[in-house]
Amino acid sequence: AAGMLAGGLLLATHARAEPPAPDSNAPPVDAPPPSPAPDPQLEDEAARKSQAKEHFERALDLFRAEAWDAAYAEFKASRELYPTRNATFNAAVCLKKLGRWDEALLMYEAFLRDFSNLPAGDKQDAERALGELRDKVGTIDVRESEPGAILGVDGRSRGDLPSPIPVRV
């Protein structure tokens, strides 16, 4: 098929080709190889990205409405499907607004650790928040416990004991 540009429109002309006459001395022609099957891993990744985007967009609406708990739940769901810099940072902000300072601290740390080439302003905002949060967070270091015990603080499970590291609270 040939095309030509005329007045800003692409016009296509079609030519029909007649198949060549069979040649009894020609080697048989193999059928073209089948198209490769779509990679399920790529399809899964595309589906995860799409679902993550839906959660992220709902989270933004809730964030603007200052519905911090609901916004955090949506940012968290987005991050679990496909972690992004913006979902991580916004999840940290929600946790800070909710007074869940130990979790916010962990989220800001993840933000700085997991995403390279951060804009200077984003990095400074996260570092400033970390400084504020470190003043609000302490640790509990349980040195001995019954194996399989669960540490609970303020009605929230904080992990299994014994813990290899101090628990932030």
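The values are calculated or read from the model by the stated rules, or taken from the named source; none is laboratory data. Note that the coordinates shown come from a computational prediction; the quantities given were computed from them, not determined experimentally. Cβ coordinates were reconstructed from backbone atoms using ideal geometry, including for glycine residues, and neighbour counts include every protein chain displayed. Ligands, DNA and RNA are excluded from the accessible area calculation, which covers all protein heavy atoms including side chains. Shrake-Rupley method; radii C 1.70, N 1.55, O 1.52, S 1.80 Å.
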Q) So, with a 1.4 angstrom probe, what is the percent of accessible area on the range 45-131 that is carbon and sulfur? A) 48 percent
**Q.** Where N is the number of residues in the range 65-115, Cα Rg divided by 2.2 N^0.38 Å
**A.** 1.01
Q: Please give, to one decimal in nm, the separation of the simple spin-label points placed at Asp114 and Ser163, each 7 Å out from Cα toward the Cβ.
A: 2.0 nm
Q: Anything over 19 Å Cα to Cα? Flag those among Lys97/Lys136; Lys49/Lys123; Lys49/Lys97; Lys49/Lys96, in the order listed.
A: Lys49/Lys123; Lys49/Lys97; Lys49/Lys96
**Q.** Qualifying GluC sites (Glu not before Pro) for the range 62-169 [loop in DSSP, other Cβ within 10 Å: at most 10]
**A.** Glu66, Glu144
Q | Two-site FRET efficiency, Ser50 against Ser145, from Cβ-Cβ distance with R₀ of 45 Å, rounded to 0.05 | A | 0.55
